[in-house]
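Report on one structure; see the data block that follows.
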Amino acid sequence: MNKTQQRGRSACTTDRSQARRRDLIAVGRKLFADTSYDALSMDDIARHAGVAKGLIYYYFTNKRGYYLAIIEDAVAQLAERAGAAQELPPYDRVRHTVDGYLRYAQHHQAAYRAIVTGGVGFDAEVQAMRDAVRTRMLATLAHCAWGREDLPELARTLLIGWLSGVEGVTLHWIGEQRLPRETVCALLVRGLGDTLRLIAEHEPDCPAPPAG
């Protein structure tokens, strides 16, 4: 076998390995959505996945590693929503970002709750993942509002307050499902506009953008 063939076989093996890992994460996402972390054993996970338990250990080391990989995958998807729709005007981009955030929470409720509430008890790694989502969201909002990502402390504090409100509203909304997503999105976007106007009163360098 020549080097080109070896590289091709290696790439094929890597692709299969990544696909298998993604499949296991997808299985885990469904399992943890219906069953608590403590109630699931590695034997349970392997049985539902239809694989040998050793394969899960091979990819994720242990149950906590498996759980964290599932949350990390969820965080990556949620953070990707925050950076989407670069081509839209600022107001439409904000609305699109908030709507995408709500869509994700609606369709991946267990993962969203784990991200926002910190996972199993207080987990520093899950908390760091949550902070990454917040950082991405803050950067998107600041760029839409002022064309910059570096924020004065007052502006950053008030935007984090708005984000905390978004998380609380979203957790309540996915638990109750009594309001249409479009209504919740509109209310959150309006709340953001109020926050931006409050920032503008105290930070001359952060003028309130025009309403959409």
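Things to note:
- For the range 144-161, filtering for residues that are within 20 Å of Val75 (Cβ to Cβ) and surrounded by 14 or more Cβ atoms within 10 Å (Cβ to Cβ) leaves 2.
This table checks each residue for (1) under 11 Å from the mean Cα position of the chain (by Cα); (2) modelled with pLDDT under 85; (3) outside the structural domain of Pro180 (by TED's automatic domain parsing).
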site: Tyr66; (1), (2), (3): no, no, yes
site: Ala79; (1), (2), (3): yes, yes, no
site: Ala82; (1), (2), (3): yes, yes, no
site: Gln86; (1), (2), (3): no, yes, no
site: Leu102; (1), (2), (3): yes, no, no
site: Val120; (1), (2), (3): no, yes, no
site: Gln127; (1), (2), (3): no, yes, no
site: Leu151; (1), (2), (3): no, no, no
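- Test: Ser36 is within 25 Å of the chain's Cα centre (by Cα), of a type in the set (Gly, Ala, Ser) and more than 19 Å from Tyr104 (Cα to Cα): yes
- Verdict on Ala124 being small (Gly, Ala, Ser) and more than 30 Å from Gly65 (Cα to Cα): no
- Restricting the range 155-195 to residues that are part of a helix (DSSP H, G or I) and basic (Lys, Arg), the residue that is nearest to Cys206 (Cα to Cα): Arg156
- Close pairs (6 angstrom Cβ cut-off, 6 or more residues apart or separate chains): closer than 21 Å to Gly54 by Cβ and modelled with pLDDT of 90 or more in the range 15-41, of a type in the set (Asp, Glu) and in a helix (DSSP H, G or I) anywhere: Ile25/Asp73
The values are calculated or read from the model by the stated rules, or taken from the named source; none is laboratory data. If you're wondering where the values come from, they're calculated on a predicted model, not measured in any experiment. Counting neighbours? That spans all protein chains shown, and the Cβs are built from the backbone with ideal geometry, glycine included.
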